[in-house]
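A.B. asks: Mind looking over this structure? Questions follow.
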Amino acid sequence: MKSISKLKRNIRSKLRESSLLRGLLWVLTLCFPLWLTLTANFISFGSLDKLGTLLTHQPRAFLFGAVLIYLFYFAWVFLFRRFSTAAGITAFVFTLLPMIDHFKCAILQDHFYPWDLTLAQNAGSFTEFLGSISFPASFILLILILILYWLVLNLARPMLPKWGKKRFIGVPVFALALFGLLTNTTLRNSYEPVFCISIHEGMDQDTIYDTYGFLCGFALNCGTVDTLRPQDYSQQTIEEMFAQYVPAETGSEDFQNPDVIVVLSEAFWDPTKLEGVTFSDDPLKNYRAIAAEHPSGEMVSCTFGGGTVRPEFEVLSGMSTSTLPSGNMPYQQYLKNKTFAYAQMFKSMGYDTLGIHTYQKTFYERDRTYPLMGFDDFLGENDMHAELHWNSGPYITDETIAEEIIYQLEQPHETGLYLTAITMENHSLYTDKFDAEDWDIQVSGENLSEQDVISLQNYCKGVKDSDAALGTLYEYIMQREKPTVLLWYGDHLPTLGDNFVPYTTTGTIQADKAAQWTEEEKYTMFCTPYLIFANYDTGKEYRAEGERVSPYLLEALLCDYIGAPACLQTNFLLDVYETCPVFSYYYQLYSPESTEEEREEIQKLHRYLTYDELIGEGYLNKMQGFDF
C-alpha cells in the first residue's frame, strides 16, 4: 500500500511540473467515454468489420451512443468529483450491458432490451448459462485495456474543481438530460434529423441493432414514440369494429363442463427433422401414437430458442404479440390490469382456475400477472403437492408436473378445473446438461461436431422425458370418468448451438441469419408440434386437423372443439383462423390462401383487440358475453 501511495505522489508531482502531461491527462480523461463507446459497440457486434461499418456508414449514430455515455459519465463525475470513480462505474455498466447483448444473441438469437432488466430479480436463475459462455480473447484484451485506462486515471486522480455544494447541481442536470433524451417524445423525434437514426414500424430489432449499434438499439427501446395506440382508438371505434363478433347467445347445450388442461412443454420439438442425423430411438413415441388418433398439427411459434412468455401469453389470451415491439415481454411491460384470458371465461362458468410451473413463480412476474388473467392461484416449484423428481440435469423433471396435474384433477371441483402448466426439464442450455449415463438416445451424423452430438443427446434426453410425461397424462386422463380435454404444445424450437448450429451444419437450413431464410425454412425453424385429446366424444370435428396455426388460435380452436359457450374472443379468432390461420408479421409468414387485403384487415382488427385488452381501456371486456 505504501508503494502505491508513493507512486501516486510521484505521478502527481510530475503532473504539477509538466503542463504537457497535465494536458495529456485531461485528454485521456475526457476521451474515456469515447473509447468506451467503441468498446461497447465492438463487444455487442463481436466483429471489427461491423464496428467499422457503423463508424463509416452511421457515424452520427455512433456519436449518439457517445452522447449517452458522456451524460452518464458526467452525472457521476459531478456526484463524486473524481473522474476515476465515474470512469469505473461507467465502464462497468457499458461493458456489462453489451456483453449480455452479445451472449444473449449467441444463445437465444435475440437482443438485450431494457425490459430484460425486469428479470434482474431472477438473476440467480441464469447461473447455469455461465458455464457455457466462452469469452473471446478480444473481449479479454479490451477489458484489460479498460482496466489499465482506469488505473491511469485512478493513479493520476483528475478531479473537478472545488465548487462546494454547487457542483451537485450537475448531477440532476446530466441525469435529467440523459433521461429526457431516452424517453421524451420530442427529443426522441429529433433522432432522425440530428443523428440520422431512422425508426419506423417496419424495422425489426435485428436491423436496428445491426445498423445503429447496441447503444442506439438499447436507447430506442427505452422509451417509445406512441405508435401502439391507434389514432382512431375510442369506445365507438372498438364497438363498431367488433360488433359482428358479440355472441348472440353464450350458452351451449352440448358443453359437458370438461376439465381443461393446457400444457406448455418447454422446447418440445421433433429433432428427427434434422437432415442427415440418425437417432437410436424415437424421442416422441407417445406424441406420435396419440397424434395418430387425436387432433394434432403444428403451431407456428412467435419466437425461437427463448422468449417463452410470448407464445405462452398468446395461447392463454388469444392476443398477438406481433402487434407489439419485437422482443416484447407482455407480462412485465404491459399487463398491469385485469384483462381477457380464457381462464376468465372458464372462471365465469364456475371453474376453478390454476396455473403451475416447476420453476420460480416470480419468473416473468407470473405470480403477479396470472391473477390478472383470471387464475385463482399460481403455483411455483416450492408450492407443488407432488413429490419433486430430479435427475442429473438442473431442473425439476416433467414427471413432477405430470403428477401435480393428476393431483389437481383428483381434488374436488364444483364445476370443473381449468389448469395451465409450464414444464421446465427440457429448458436450455444443452451443452453440458445431463450426465452421459442419462443419455437415452444416441445421435450420429457425418456433419455433426462432437459438441453437436453432446447437445443433441442432452436435448433428446429432455424431450424424451417430456414425451413420457405426456404419455403418463394420456393414460390417466383416458381412464377417467369425468370428461377431460388436454392441449399439449411446444413453445419454440431449442437453441442447440451458436449461430443456428446444428440446423445449418446439417443442411436443415442454409443460412445463419433469419433474414436470409426461405419461407419453408422459416416454417422449419418456428413450427412446433401440438395435439389435443379428450376422453369423451365432444360431438364436434376439430376444424384445424393437421394444419399449421398461430399460437393465439389454439385455445379458440380448443373451445370450438369441446363446444364451449361462445365469447367475442373465440368468435373473432375463429374468423381469423378461417381467413389466415398463420400470421406472423415479424417473420413475414402468412397463409398462402389469404389475400393481402384480407391479411391487412385481420391484422388491423387483431392489433386493435390486443391494444384495447392489454394496454387500452378494455372496452371489449364488456362485449365478451360474460362478466369478469
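A.B. asks: Within the set of pairs 6+ apart or on separate chains, which have a first residue in region 527-543 that is free of Cβ contacts under 8 Å to residues at least 24 places away in the same chain, a second that is in a strand (DSSP E or B), and C-beta atoms under 7 Å apart?
C.D. replies: Correct list of pairs: empty, since none qualify.
A.B. asks: So is Tyr342 of a type in the set (Ser, Thr, Tyr), modelled with pLDDT of 95 or more and either within 20 Å of Phe218 (Cα to Cα) or open to solvent by less than 10 Å² (accessible area, probe 1.4 Å) (or both) or not?
C.D. replies: Numbers: of a type in the set (Ser, Thr, Tyr): yes; modelled with pLDDT of 95 or more: yes; either within 20 Å of Phe218 (Cα to Cα) or open to solvent by less than 10 Å² (accessible area, probe 1.4 Å) (or both): yes.
Yes: the conditions hold for Tyr342.
A.B. asks: Okay, next question. Return the pairs, sorted by first residue and then second, in which the second residue is hydrophobic (A, V, I, L, M, F, W, C) and part of a strand (DSSP E or B), the first residue lies in region 408-432 and is closer than 20 Å to Leu470 by Cβ and modelled with pLDDT of 95 or more, the beta carbons are less than 6 Å apart, and the residues are 6+ apart or on different chains.
C.D. replies: Gln408/Leu419; Tyr418/Val260; Leu419/Ile261; Leu419/Leu354; Thr420/Val262; Ala421/Val263; Ala421/Ile356; Ile422/Leu264
A.B. asks: Only one of (1) touching a Gly at 6+ places or on another chain (Cβ under 6 Å); (2) closer than 27 Å to Leu573 by Cβ fails for Val315. Which number is that?
C.D. replies: Unmet condition: (1).
A.B. asks: State all residues of region 387-436 that are within 15 Å of Ile261 (Cβ to Cβ), out of contact with any Gly (no Cβ under 6 Å at 6 or more places or on another chain) and among the polar types (S, T, N, Q); if no residue qualifies, say none.
C.D. replies: Gln408, Gln411, Thr423
A.B. asks: Just to be sure before I move on: is Asp560 assigned to a helix (DSSP H, G or I) and within 20 Å of Tyr351 (Cα to Cα) in the structure I sent? Don't jump to the end; show me each part of the working.
C.D. replies: Details: assigned to a helix (DSSP H, G or I): yes; within 20 Å of Tyr351 (Cα to Cα): yes.
Answer is yes for this residue.
A.B. asks: Six or more apart or on different chains, Cβ under 7 Å: which pairs go from a residue in region 24-41 that's touching a residue at least 60 places away in the same chain (Cβ under 8 Å) and open to solvent by 50 Å² or more (accessible area, probe 1.4 Å) to one that's among the β-branched types (Val, Ile, Thr) and in a helix (DSSP H, G or I)? Could you list them?
C.D. replies: Note: pairs meeting the criteria are Leu28/Val152.
A.B. asks: Also: Sort out which residues of region 526-556 are of a type in the set (Gly, Ala, Ser) and either open to solvent by less than 20 Å² (accessible area, probe 1.4 Å) or under 23 Å from the mean Cα position of the chain (by Cα) (or both), and write them in order of number. Lay out the reasoning, then the answer.
C.D. replies: The first filter runs over region 526-556 and keeps only residues of a type in the set (Gly, Ala, Ser), leaving 534, 539, 544, 546, 550, 556.
The answer is Ala534, Ala544, Ser550, Ala556.
A.B. asks: Could you please find all residues in region 345-359 being open to solvent by 10 Å² or more (accessible area, probe 1.4 Å) and either within 24 Å of the chain's Cα centre (by Cα) or at negative phi (or both)?
C.D. replies: Applying the first criterion (open to solvent by 10 Å² or more (accessible area, probe 1.4 Å)) to region 345-359 yields 347-350, 352, 354, 359.
Lys347, Ser348, Met349, Asp352, Leu354, Tyr359, listed by residue number.
A.B. asks: Taking into account only those residues within region 508-541 that are of a type in the set (S, T, N, Q) and assigned to a helix (DSSP H, G or I), which is nearest to Pro494 (Cα to Cα)? Don't jump to the end; show me each part of the working.
C.D. replies: If we filter region 508-541 for residues that are of a type in the set (S, T, N, Q), which is where we start, we get 508, 510, 516, 518, 524, 528, 535, 538.
Pick out the ones that are also assigned to a helix (DSSP H, G or I) and you get 516, 524.
Numbers: Gln516: 20, Thr524: 12 Å.
Residue satisfying both the conditions and the ranking: Thr524.
A.B. asks: Among residues belonging to region 557-576 that are within 12 Å of His606 (Cβ to Cβ) and not acidic (Asp, Glu), point out the one that is surrounded by the most Cβ atoms within 10 Å (Cβ to Cβ). Before the answer, list the steps.
C.D. replies: As a first pass, look at region 557-576 and keep what is within 12 Å of His606 (Cβ to Cβ): 569, 572-573, 575-576.
Among the residues that remain, those that are also not acidic (Asp, Glu) are: 569, 572-573, 576.
Values: Gln569: 29, Phe572: 22, Leu573: 26, Val576: 23.
Of everything passing the filter in region 557-576, Gln569 is surrounded by the most Cβ atoms within 10 Å (Cβ to Cβ).
A.B. asks: Any idea which of (1) in a loop (DSSP other than H, G, I, E, B); (2) of a type in the set (D, E, K, R); (3) open to solvent by 10 Å² or more (accessible area, probe 1.4 Å) is the one Glu425 doesn't satisfy?
C.D. replies: Failing condition for Glu425: (3).
A.B. asks: Please go through region 146-171 and pick out each residue that is touching a residue at least 40 places away in the same chain (Cβ under 8 Å) and under 39 Å from the mean Cα position of the chain (by Cα).
C.D. replies: Matches in region 146-171: Leu146, Tyr149, Trp150, Gly170, Val171.
A.B. asks: Could you please give the count of residues in region 468-513 that are under 22 Å from Glu266 (Cα atoms), open to solvent by 20 Å² or more (accessible area, probe 1.4 Å) and either more than 24 Å from the chain's Cα centre (by Cα) or charged (D, E, K, R) (or both)?
C.D. replies: So the count comes out to 6.
A.B. asks: Another one. I'm trying to understand the selection: among the residues of region 186-216, which are within 22 Å of Ala75 (Cβ to Cβ) and not charged (D, E, K, R)?
C.D. replies: If we filter region 186-216 for residues that are within 22 Å of Ala75 (Cβ to Cβ), which is where we start, we get 186-188, 190-191, 194-195, 213-216.
Correct list: Thr186, Leu187, Ser190, Tyr191, Val194, Phe195, Gly213, Phe214, Leu215, Cys216.
A.B. asks: Also, quick follow-up: Taking region 589-619, which residues are touching a Phe, Trp or Tyr at 6+ places or on another chain (Cβ under 6 Å) and farther than 25 Å from Cys527 by Cα?
C.D. replies: Asp612, Glu613, Leu614, Ile615
A.B. asks: Do any helices (runs of 4 or more DSSP H) entirely within region 250-344 hold 2 or more residues that are hydrophobic (A, V, I, L, M, F, W, C) and more than 26 Å from Gly497 (Cβ to Cβ), and if so, which?
C.D. replies: Values: elements: 285-291, 309-317, 330-333.
Once the helices (runs of 4 or more DSSP H) in region 250-344 are filtered for at least 2 residues that are hydrophobic (A, V, I, L, M, F, W, C) and more than 26 Å from Gly497 (Cβ to Cβ), what remains is 285-291, 309-317.
A.B. asks: Kindly provide the set of residues from region 301-331 that are surrounded by fewer than 24 Cβ atoms within 10 Å (Cβ to Cβ), over 22 Å from Gly618 (Cα atoms) and of a type in the set (A, V, I, L, M, F, W, C), ordered by number.
C.D. replies: Scanning region 301-331 gives a single hit, Phe304.
A.B. asks: Moving on. Quick check: is even one residue across region 537-549 modelled with pLDDT of 95 or more and in contact with a Lys or Arg (Cβ under 9 Å, 6 or more places away or on another chain)?
C.D. replies: No, because not a single residue in region 537-549 is modelled with pLDDT of 95 or more and in contact with a Lys or Arg (Cβ under 9 Å, 6 or more places away or on another chain).
The values are calculated or read from the model by the stated rules, or taken from the named source; none is laboratory data. Just so it is clear, the model here is predicted, and its values are computed rather than measured. Note that we place each Cβ from the backbone using ideal geometry, even for glycine, and neighbour counts take in every protein chain shown. The accessibility values were calculated without ligands, DNA or RNA, using every heavy atom of the protein model including side chains. Shrake-Rupley method; radii C 1.70, N 1.55, O 1.52, S 1.80 Å.
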